[in-house]
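**Student:** Handing you this structure, nothing more for now.
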Amino acid sequence: MSQHQRPSENNMMTAVCIDTPGGPESMLLRNVPRPQPEHGEVLMRVHATALNRADTLQRKGLYPAPPGESEVLGLEAAGTVASVGPGVRQSWGLGDRVMTLLSGGGYAEYVAVPEELLMSIPTHLTVYQAAAIPEAWLTAFQLLHFVGLHLNSPADVPLLCHAQLFLSWHNLIGCCPIQTVKEGEIVLVHAGASGVGTAAVQLVRLAGAIPIVTAGSSEKLQMAETLGAAAGFNYKHEDFAKKVSDFTAGRGANVILDCIGGSNWERNVACLATDGRWVLYGCMGGKTVTGDILGKLLSKRGQLLCSLLRSRRLQYKADLVRAFSERALPHFSDPTSSPCRLRPVIDSMFSLDQVADAHRHMEANRNTGKIVINVMNPQ
């Protein structure tokens with residue numbers, strides 16, 4: 001995404017910048033050159049963005065932007081089309097309401113986006129609700145339906161063809177190797193009241209599976225249950241492995257969505273069903289594991305699957321956005337027209353000049369659902 005070197009005043013924008021990695025106070029509002037859309041890109045006027053744990057890690061210098069991407073924080077945004085670059089194939093019009101997944105750049109007034117990553121905002125949602133969707137919901141959708149399935153490049157096409165034949169054969173004998181959640185499966189969602197967690201609970205229900213969650217307060221558990229969780233366990237006061245075993249009559253969870261990592265590994269394996277899938281997408285509880293993890297996982301024929309979204313190739317993200325738009329986005333609709341309505345959960349909203357307070361709120365684990373940043377208008 002290019003920037004003019006000596007822009008005029010009307011080619012500038014306000015963005016959150018970091019000179020030195022550190023605490024929330026290290027984020028500064030600054031005028032910087034406005035990006036210009038390159039071939040196949042659309043320039044979005046950002047009305048709102050939302051926080052993700054990755055933002056706090058990048059702020060600390062622990063999770064840098066992928067090469068070639070904006071150094072500005074922000075992995076999602078919602079707003080309107082400001083201009084269209086050359087080579088754009090879809091008929092995006094100026095002022096169209098859109099939301100998008102980003103590799104960076106959301107904490108700014110404008111961002112240039114590959115058109116493949118744009119999604120129209122459903123009619124009944126505000127731009128602030130829409131800002132709470134892309135990163136969290138696409139992550140949850142990916143963990144449930146793409147991990148272990150999707151391929152990264154055209155070079156993988158022969159493997160995909162082989163995989164499709166393999167899938168067809170295994171479907172005939174009732175053994176499906178594709179790691180998409182299936183109807184009736186028990187899915188344990190850690191951090192069930194987080195942005196990804198609240199999305200996952202609803203997507204699990206949409207797939208006909210049964211979500212159960214862990215969270216750190218009764219209020220967060222109540223929220224998850226309101227969204228469709230069949231049971232919730234307070235990891236601070238309960239042994240969630242035992243609770244999962246009790247809930248499933250000893251069978252365990254078929255799928256575990258885990259953003260905690262190291263501190264949870266033993267209990268995760270203990271409550272994983274035979275032939276279950278443990279899907280790791282974060283290490284908030286540490287990266288180090290000691291003990292007989294391989295032996296215990298092997299004894300259950302368990303699968304440990306790991307995934308990140310930000311570092312994926314554009315084609316992967318485009319396929320993910322397309323699948324989500326077809327299978328999930330129509331359910332963010334008027335409740336009178338959709339029997340299984342999905343809804344983003346917003347915890348709080350901060351203005352752009354309150355971004356440091358928003359980060360402190362997240363790092364104190366106070367939020368239930370998404371923290372939204374109002375970029376266009378101060379509160």
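The values are calculated or read from the model by the stated rules, or taken from the named source; none is laboratory data. What you see is a predicted model, and the numbers here were worked out from it, not measured in a lab. For neighbour counting, all protein chains shown are included, and Cβ atoms are generated from backbone atoms with ideal geometry for every residue, glycine included. Note: accessible area is taken over every heavy atom of the protein model, side chains too, but ligands, DNA and RNA are not part of it. Shrake-Rupley method; radii C 1.70, N 1.55, O 1.52, S 1.80 Å.
**Student:** What about Arg267, is it under 21 Å from the mean Cα position of the chain (by Cα), open to solvent by 70 Å² or more (accessible area, probe 1.4 Å), in contact (Cβ under 8 Å) with a residue 12 or more places away in the chain and more than 29 Å from Pro64 (Cβ to Cβ)?
**Tutor:** No.
**Student:** Please find, within segment 105-124, the residue that is most open to solvent (accessible area, probe 1.4 Å) out of those that are assigned to a loop (DSSP other than H, G, I, E, B) and at pLDDT 95 or above.
**Tutor:** Taking the candidates together, the pick is Glu109.
**Student:** So for segment 227-237 (the condition being open to solvent by 10 Å² or more (accessible area, probe 1.4 Å), farther than 24 Å from Asp347 by Cβ, in a strand (DSSP E or B) and touching an Asp or Glu at 6+ places or on another chain (Cβ under 7 Å)), does at least one residue qualify?
**Tutor:** no
**Student:** Could you pull out the residue among Thr56, Thr80, Thr14 that is open to solvent by less than 40 Å² (accessible area, probe 1.4 Å) and farther than 15 Å from Val355 by Cβ?
**Tutor:** Only one candidate qualifies: Thr80.
**Student:** So which of Leu297, Leu309, Leu342 is hydrophobic (A, V, I, L, M, F, W, C), assigned to a loop (DSSP other than H, G, I, E, B), at pLDDT below 90 and buried (at least 17 other Cβ atoms within 10 Å of the Cβ)?
**Tutor:** Every option except Leu309 fails the conditions.
**Student:** Taking into account only those residues within segment 325-338 that are modelled with pLDDT of 85 or more, out of contact with any strand residue (DSSP E or B) (no Cβ under 8 Å at 6 or more places or on another chain) and of a type outside the set (Gly, Ala, Ser), which is least open to solvent (accessible area, probe 1.4 Å)?
**Tutor:** Only one residue tops the list, namely Phe332.
**Student:** Going residue by residue through segment 119-142, is there one that turns out to be among the β-branched types (Val, Ile, Thr) and in contact with a Leu (Cβ under 7 Å, 6 or more places away or on another chain)?
**Tutor:** Within segment 119-142, the subset among the β-branched types (Val, Ile, Thr) is 121, 123, 126-127, 133, 139.
After this cut, where a residue has to be in contact with a Leu (Cβ under 7 Å, 6 or more places away or on another chain) as well, the list is 139.
Checked segment 119-142: at least one residue is among the β-branched types (Val, Ile, Thr) and in contact with a Leu (Cβ under 7 Å, 6 or more places away or on another chain).
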